[in-house]
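What follows draws every value from the coordinates through simple rules; no lab data is involved. Keep in mind the model is a prediction, meaning the values are calculated, not measured. Here the Cβ positions follow ideal geometry from the backbone for every residue, glycine too, while neighbour counts run over all protein chains shown.
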Amino acid sequence: MEKGMFENVLKDSIMRRLNNLTKPIGSLGYLEKIALKMGLIQNKVIPDLPKVKRIYVFAADHGVVEQGVSAYPKQVTYQMVLNFLNGGAAINVFGRHVGADVYVVDAGVDGDFEFTHPNLINAKIGYGTADFTKGPAMTRTQAIECIEKGKEIAKKAIEEGTDLLVLGDMGIGNTTTATAISVAFGFDIDEILDIGTPIDNDTLERKRQAVEKAIEINKPNADDPIDVLEKVGGFCIGQMAGFIIEATSRHIPVVVDGFPTTAALLLAWKLEPSVLDFVFAGHKSKVKGHKVLLDAMNLRPILDLDMRLGEGTGGALAISIIEAAIKMIREMATFDDAGVSKGSDSV
């Protein structure tokens, strides 16, 4: 049976199961679509609950911080990595809440971690990107290395049994980089530009000017995603894009978090359009550009809680909803099982 035909048969079988559960057809809304997508990902009418859940927070510094685009100094990136490893950040709390381990990837923090930790992954490309208002953020070789390192991290996670992955991001200046990537791919800066951390109007204007200058002097090629990464990207975003490509190629679902992780998804999508079949949007961030990117990729967020922290927090909280959707299709009785009469909208 050809792949497309098999997928249609599987989809019909899953929908038949969903429509025969003891409820009016479609009455559990988006939960039913989540269950359907998980079934298609796993090639099963009744999908399994994830056994090993992991959150990967990719951390890196961004040279554009030199332009005064953030409320916080770049040292906070390093300090927050220590907080993650000590278990004291919001993502650690939410990870414990949903039973997911938190791993931190040093993709390019401006500083060395002179210790070992079982949940710290050293994948450093450099000590932060260059200031992209003065030239490319990185070399093309580094951009390619970002993608490859991200793939390696995902491959190892999956080989260790992980069957549900959440992406998070940490790095002062990351929303400026995510904005530049979005604009490089043709999005209107007025629809994307917003605060990440609370900043005043002057700082927001500097953020706009930094992005506009980066696009003007670097002229990233929207038809070449690696060129966009090289010119206006970040080490963390490149690694997350590679991570998504590798995980989804192995049919492992990935839950993305907020604006920077979705910019990484945008990059991955431009490189490999099939990734969207295996990706869930954990939430809609309060950063306005996030919705614009999600809409462009036709991804519906699972949660909408006015969050804009990052770290993977929205993605982590979405795990409980994904698991609820799977339990729904696994554990609810069908009309036949329960001896309940079907309504006119049942099949």
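Figures for the structure shown
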| quantity | calculated |
| --- | --- |
| Theoretical gain in end-to-end length, TYR127 to LEU49 [0.36 nm per residue, Cα-Cα removed] | 24.2 nm |
| Relative packing of peptides 294-304, 4-14, 60-70, 247-257 - highest average C-beta neighbours within 10 Å first | 60-70, 247-257, 294-304, 4-14 |
| Residue-averaged 222 nm ellipticity for the chain, from DSSP H runs of 4+ at -39500 (n - 2.57), nearest 500 | -15500 deg cm²/dmol |
| Where a label projected 7 Å from the Cα of HIS251 along Cα→Cβ would reach, residues of the range 1-30 with amide N under 18 Å | 1-15 |
| Net lengthening on full extension, ASN201/GLU148 (0.36 nm per residue, minus Cα-Cα) | 15.3 nm |
| Prolate/oblate/rounded call for the chain, Cα gyration tensor, a/c under 1.5 rounded | prolate |
| Overall form of the range 124-250 per C-alpha gyration tensor (a/c, 1.5; a/b vs b/c) | prolate |
| Relative contact order computed over the chain (Cα-Cα under 8 Å; 6+ residues apart), in percent | 25 |
| For ASP169, distant residues with modelled amide H under 5 Å away | PHE58, GLU311, GLY312 |
| By average C-beta atoms within 10 angstrom, highest first, the peptides 37-50, 315-328, 108-121 | 315-328, 37-50, 108-121 |
